[in-house]
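The values are calculated or read from the model by the stated rules, or taken from the named source; none is laboratory data. This is a predicted model, so every value here is computed, not measured. Cβ coordinates were reconstructed from backbone atoms using ideal geometry, including for glycine residues, and neighbour counts include every protein chain displayed. With ligands, DNA and RNA removed, areas are computed over all heavy atoms of the protein, side chains included. Shrake-Rupley method; radii C 1.70, N 1.55, O 1.52, S 1.80 Å.
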Protein chains: 2
Amino acid sequence: MPTVAFIGLGNMGGPMAKNLLNNGWAVTAFDLSESALSDAVGAGAVAAPSATDAASGADVVFSMLPAGKHVKSVMLGDTGVFSHLPKGTLVLDASTIDAATARELHVAARDSGIDFMDTPVSGGVAAAQAGTLAFMCGGTAEAFLRAKDVLKAMGNEEKIFHAGPDGAGQVAKAANNMLLAIHMIGTCEALAIGAANGLDPSVQSAIMKASSGNNWSLQVYNPWPGVMDGAPAGNDYKPGFMVDLMAKDLGLAIELAEQSSVDADFGRRASEVYQSLQAAGLGRDDFSIVMQSLVKSDGA
Amino acid sequence: MPTVAFIGLGNMGGPMAKNLLNNGWAVTAFDLSESALSDAVGAGAVAAPSATDAASGADVVFSMLPAGKHVKSVMLGDTGVFSHLPKGTLVLDASTIDAATARELHVAARDSGIDFMDTPVSGGVAAAQAGTLAFMCGGTAEAFLRAKDVLKAMGNEEKIFHAGPDGAGQVAKAANNMLLAIHMIGTCEALAIGAANGLDPSVQSAIMKASSGNNWSLQVYNPWPGVMDGAPAGNDYKPGFMVDLMAKDLGLAIELAEQSSVDADFGRRASEVYQSLQAAGLGRDDFSIVMQSLVKSDGA
């Protein structure tokens, strides 16, 4: 049985590791949280005392961590994973991190003879549990072919994309989530104008879905409470996808825009919107809560 | 044969009148332009010397005019259509106009015993020609039932919506097009960031279409030249849907937002973007040309 070393068993990593186990991979796991680790062991993983120990002897190393600094601390340096792996080992980092750090990791991996890819995901906890994540992969075509084999145990094969060269997965992820924030805010504004002018949000949503306003927020994540069964709006804006995470992703997108001199005005303003929501103490609510602020503040 | 009086035979009205003729309606037509009028006569319409003459004896009166002032001048006053029609005649205005004027027309129609609806369209010239327009209708349920019968000769029956009470069609249209402008600008920013960071716009578009960034601009109107066959981007941004028209619609949306105290910040900024494009002499180009300005100005 081929073995994946799984580093980072959080809300996303935990269910992803279980899907690897369910699909016939052996998993050696590491997480700083003992409860997360014992949960994975309960599902059939073998616990390791460190990331580097988990990686030792693994066919593939997979990480799912909060930010670039965590990935660097796991992978780089004398005690890091890269320097302890046989040449040619495949290392996949599915964390959402800044593209510059991802590129730095690619360079370091190449120096160590490691086959590295940045493979951030889309779809959230529900898709992680269902094994239907999308993966956006940056790196070589050869690494992508190898990566697909393990990623399809956690994702929807049709949504495993080779986004481009080193770091391209992170670029695609950040740009996509920036676009998501923008059309969510636009959808909220359009619904707020409609409701303030006597339209039923369900009817208006149906019209816009059938027209040129159509977008993912309307299709599967309607921000008006009660329009769509199962959407966070109907559950008092419990996530779903937290404002804190959207604010983080927008920060990464804006950083990319600035580094490459793209004037992403709407992206920047979306970033400001989500920072304001964080400042208002709504960081752990769902990102569609921008609807509430638009309606509340104006009595619509 | 039931007769429709068709007032306003422009880029949209001309093909719509032809679809009525093709679907078995008689059409008495009026337009200030003699060439537009003779074009309709060539397709089987009967020319009238004025809007009120066209309306005389018609079962349904239909108007497709540039702005609220034109509709008022046709419908209201002693020489207007409303005062010359038998009580109970159905009058449909498919022009995109401000909701306040639409509501004023509803009041005047009611005073004259006319069954009025605001029925603005979505889909553009291509859908007008193909007879697949969407209609967003404001007014009573009774009027909507009668209207559907004539509208389906010009539109897709599944996209003929009763948006709500008086003016609701205009509200739905303005809000929808505001949302369209916002996700178009967001899509352009996301693609600009991707391209500046080494992504192939076709690959990035495929990824975002399969992810939470998905929206109508990506699905059917990709703004990056060459990504999508038939999109205006590949035809040097020839319309399509002109910047001038988008700027007009955004003006209507922002007016509505302000009248109802909704803080539509992204809508307002989208309006500024399209006004800037007009000021730059690009009013007659397609509204997806915002892509070009993002890439050009930054060398992405």
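Kindly check whether there is at least one residue in region B:58-79 that is touching a Leu at 6+ places or on another chain (Cβ under 6 Å), open to solvent by 20 Å² or more (accessible area, probe 1.4 Å) and on the phi < 0 side of the Ramachandran plot.
Checked against the condition, which is being touching a Leu at 6+ places or on another chain (Cβ under 6 Å), open to solvent by 20 Å² or more (accessible area, probe 1.4 Å) and on the phi < 0 side of the Ramachandran plot, region B:58-79 yields no hits at all.
Out of (1) touching a helix residue (DSSP H, G or I) at 6+ places or on another chain (Cβ under 6 Å); (2) in a strand (DSSP E or B), what's the single condition that is false for A:Lys159?
(1)
Report every pair of residues separated by at least 6 positions or lying on different chains whose Cβ atoms are under 9 Å apart, first residue within region B:191-205 and more than 18 Å from A:Asp263 (Cβ to Cβ), second polar (S, T, N, Q) and in a loop (DSSP other than H, G, I, E, B).
Matching pairs, first to second residue: B:Ser202/B:Asn222; B:Ser205/B:Asn222.
For region A:213-300, give me every one of the helices (runs of 4 or more DSSP H) that falls completely inside it and has 1 or more residues that are more than 24 Å from B:Arg269 (Cβ to Cβ). Talk me through it step by step, then tell me what you get.
On the way: elements: A:216-220, A:243-259, A:265-279, A:290-296.
Because the criterion is at least 1 residues that are more than 24 Å from B:Arg269 (Cβ to Cβ), the helices (runs of 4 or more DSSP H) in region A:213-300 that meet it are A:216-220, A:243-259.
How do the pairs read when you match residues in region A:40-56 that are within 21 Å of A:Val71 (Cβ to Cβ) with residues anywhere that are in a helix (DSSP H, G or I) and among the basic types (Lys, Arg), using Cβ under 8 Å and keeping only pairs 6 or more apart or on different chains?
That search, which allows pairs on different chains as well, returns A:Ala40/A:Lys18.
What residue, among those in region B:246-293 that are within 13 Å of chain A (Cβ to nearest Cβ), surrounded by fewer than 15 Cβ atoms within 10 Å (Cβ to Cβ) and of a type in the set (Gly, Ala, Ser), is nearest to B:Asn235 (Cα to Cα)?
Looking at residues that are within 13 Å of chain A (Cβ to nearest Cβ), surrounded by fewer than 15 Cβ atoms within 10 Å (Cβ to Cβ) and of a type in the set (Gly, Ala, Ser), I get B:Ser276.
Among residues belonging to region B:133-155 that are in contact with a helix residue (DSSP H, G or I) (Cβ under 8 Å, 6 or more places away or on another chain) and not small (Gly, Ala, Ser), point out the one that is surrounded by the fewest Cβ atoms within 10 Å (Cβ to Cβ).
Per the stated criteria, the residue is B:Val150.
Just the residues that are open to solvent by 10 Å² or more (accessible area, probe 1.4 Å) and touching a helix residue (DSSP H, G or I) at 6+ places or on another chain (Cβ under 6 Å), please, taken from region B:180-197. Step through it out loud before you land on a result.
To start, the set of residues in region B:180-197 that are open to solvent by 10 Å² or more (accessible area, probe 1.4 Å) comprises B:195-197.
Of everything in region B:180-197, those that are open to solvent by 10 Å² or more (accessible area, probe 1.4 Å) and touching a helix residue (DSSP H, G or I) at 6+ places or on another chain (Cβ under 6 Å) turn out to be B:Ala195, B:Asn197.
Spot the failing condition for A:Ala17; the list is (1) closer than 29 Å to A:Ala247 by Cβ; (2) in contact (Cβ under 8 Å) with a residue 24 or more places away in the chain; (3) open to solvent by 10 Å² or more (accessible area, probe 1.4 Å); (4) not in a loop (DSSP other than H, G, I, E, B), and only one is missed.
(3)
Examine region A:27-49 for a residue that is over 24 Å from A:Pro165 (Cβ atoms), open to solvent by less than 20 Å² (accessible area, probe 1.4 Å) and assigned to a strand (DSSP E or B), and state whether such a residue exists.
Yes, some residue in region A:27-49 is over 24 Å from A:Pro165 (Cβ atoms), open to solvent by less than 20 Å² (accessible area, probe 1.4 Å) and assigned to a strand (DSSP E or B).
For A:Lys238, work out the one condition from (1) within 12 Å of another protein chain (Cβ to nearest Cβ); (2) among the charged types (D, E, K, R); (3) open to solvent by 60 Å² or more (accessible area, probe 1.4 Å) it doesn't fulfil.
(1)
Return only the number of the condition from (1) over 11 Å from B:Ser288 (Cα atoms); (2) in contact with a helix residue (DSSP H, G or I) (Cβ under 9 Å, 6 or more places away or on another chain) that B:Lys238 does not satisfy.
(1)
Report the residue count in region A:191-226 for those that are under 15 Å from B:Asn215 (Cβ atoms) and facing chain B (nearest Cβ under 7 Å). Steps first, please.
Applying the first criterion (under 15 Å from B:Asn215 (Cβ atoms)) to region A:191-226 yields A:205, A:208-223.
Now drop any that are not facing chain B (nearest Cβ under 7 Å), which leaves A:208, A:210-216.
Going through region A:191-226 one residue at a time, the tally reaches 8.
Cβ-Cβ under 7 Å, sequence separation 6+ or interchain: first residue in region B:94-122 and within 22 Å of B:Asp78 (Cβ to Cβ) and open to solvent by 20 Å² or more (accessible area, probe 1.4 Å), partner in a helix (DSSP H, G or I) and aromatic (Phe, Trp, Tyr). Which pairs?
If the second residue must be in a helix (DSSP H, G or I) and aromatic (Phe, Trp, Tyr), the pairs left are B:Ala108/B:Phe82; B:Ser112/B:Phe82.
Residues that are open to solvent by 10 Å² or more (accessible area, probe 1.4 Å) and within 17 Å of A:Val61 (Cβ to Cβ): does region A:167-179 have at least one?
no
Being assigned to a loop (DSSP other than H, G, I, E, B) and open to solvent by less than 30 Å² (accessible area, probe 1.4 Å) is the filter here; which residues of region B:198-209 pass it?
B:Leu199
Identify, by number, the condition in (1) more than 13 Å from chain B (Cβ to nearest Cβ); (2) under 30 Å from A:Glu272 (Cβ atoms); (3) of a type in the set (S, T, N, Q) that A:Ser112 doesn't meet.
Among (1) more than 13 Å from chain B (Cβ to nearest Cβ); (2) under 30 Å from A:Glu272 (Cβ atoms); (3) of a type in the set (S, T, N, Q), A:Ser112 violates only (2).
Need the failing condition index for A:Val125 against (1) touching a helix residue (DSSP H, G or I) at 6+ places or on another chain (Cβ under 9 Å); (2) farther than 24 Å from A:Leu179 by Cα; (3) open to solvent by 50 Å² or more (accessible area, probe 1.4 Å), just the number.
Unmet condition: (2).
For region A:146-177, what are the residues that are among the hydrophobic types (A, V, I, L, M, F, W, C) and within 7 Å of another protein chain (Cβ to nearest Cβ)? Step through it out loud before you land on a result.
Looking only at region A:146-177, we keep the residues that are among the hydrophobic types (A, V, I, L, M, F, W, C), and these are A:147, A:150-151, A:153-154, A:160-161, A:163, A:168, A:171-172, A:174-175.
Scanning region A:146-177 gives A:Phe161, A:Ala163, A:Ala168, A:Val171, A:Ala172, A:Ala175.
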